[in-house]
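Note sheet for the following structure.
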Amino acid sequence: MLMSDYLGEEVTKNVLDAYAAETRHTHMIPLTRLETLIAAKFKQIVVPTVYNHLIKSHQINDKIVEMQAAEKEHGRKFKIIAAQQGIAI
């Protein structure tokens, strides 16, 4: 996605070059454009903030599933070791 597409306004190559030029101290990049450049550089997907809680909810659910699987595996290993050592459970 191009910066122009994301922002809904034209951002020319000359403007981008001016932002990058060390000699152009007065040509500062606005925060919205900086965010877009960062997102593009690190291949991040920019989504509307309305989805933040939904995304976080799914991330938490993924961790819960992962932790439940780890808990089950540790419980299984404990039973094996306990049985080998004659520990009644």
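The values are calculated or read from the model by the stated rules, or taken from the named source; none is laboratory data. Not measured: the values here are computed from a predicted model. Methodologically, a virtual Cβ is constructed for each residue, glycine included, from the backbone with ideal geometry; neighbour enumeration extends over all protein chains shown.
Annotations
A quick yes/no check of all residues on (1) within 19 Å of the chain's Cα centre (by Cα); (2) among the hydrophobic types (A, V, I, L, M, F, W, C); (3) modelled with pLDDT of 80 or more:
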residue: M1; (1), (2), (3): yes, yes, no
residue: L7; (1), (2), (3): no, yes, no
residue: V11; (1), (2), (3): no, yes, yes
residue: N14; (1), (2), (3): no, no, yes
residue: E22; (1), (2), (3): no, no, no
residue: H25; (1), (2), (3): no, no, no
residue: T36; (1), (2), (3): yes, no, no
residue: K43; (1), (2), (3): yes, no, no
residue: K63; (1), (2), (3): yes, no, yes
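- Pairing each residue of the stretch 1-25 that is touching a residue at least 40 places away in the same chain (Cβ under 8 Å) with any residue that is assigned to a loop (DSSP other than H, G, I, E, B) and of a type in the set (V, I, T), provided the two are 6+ apart or on different chains, yields C-beta distances under 7 Å for Y6/V46.
- Subset of the stretch 21-50 [exposed (fewer than 11 other Cβ atoms within 10 Å of the Cβ) and either outside any loop (DSSP other than H, G, I, E, B) or in contact with a Leu (Cβ under 7 Å, 6 or more places away or on another chain) (or both)]: L31, K41, T49, V50
- Those residues of the stretch 67-89 which are loosely packed, with under 10 Cβ neighbours inside 10 Å and polar (S, T, N, Q), in sequence order: Q84, Q85
- Test result for L54, in a helix (DSSP H, G or I), in contact with a helix residue (DSSP H, G or I) (Cβ under 8 Å, 6 or more places away or on another chain) and of a type in the set (A, V, I, L, M, F, W, C): no
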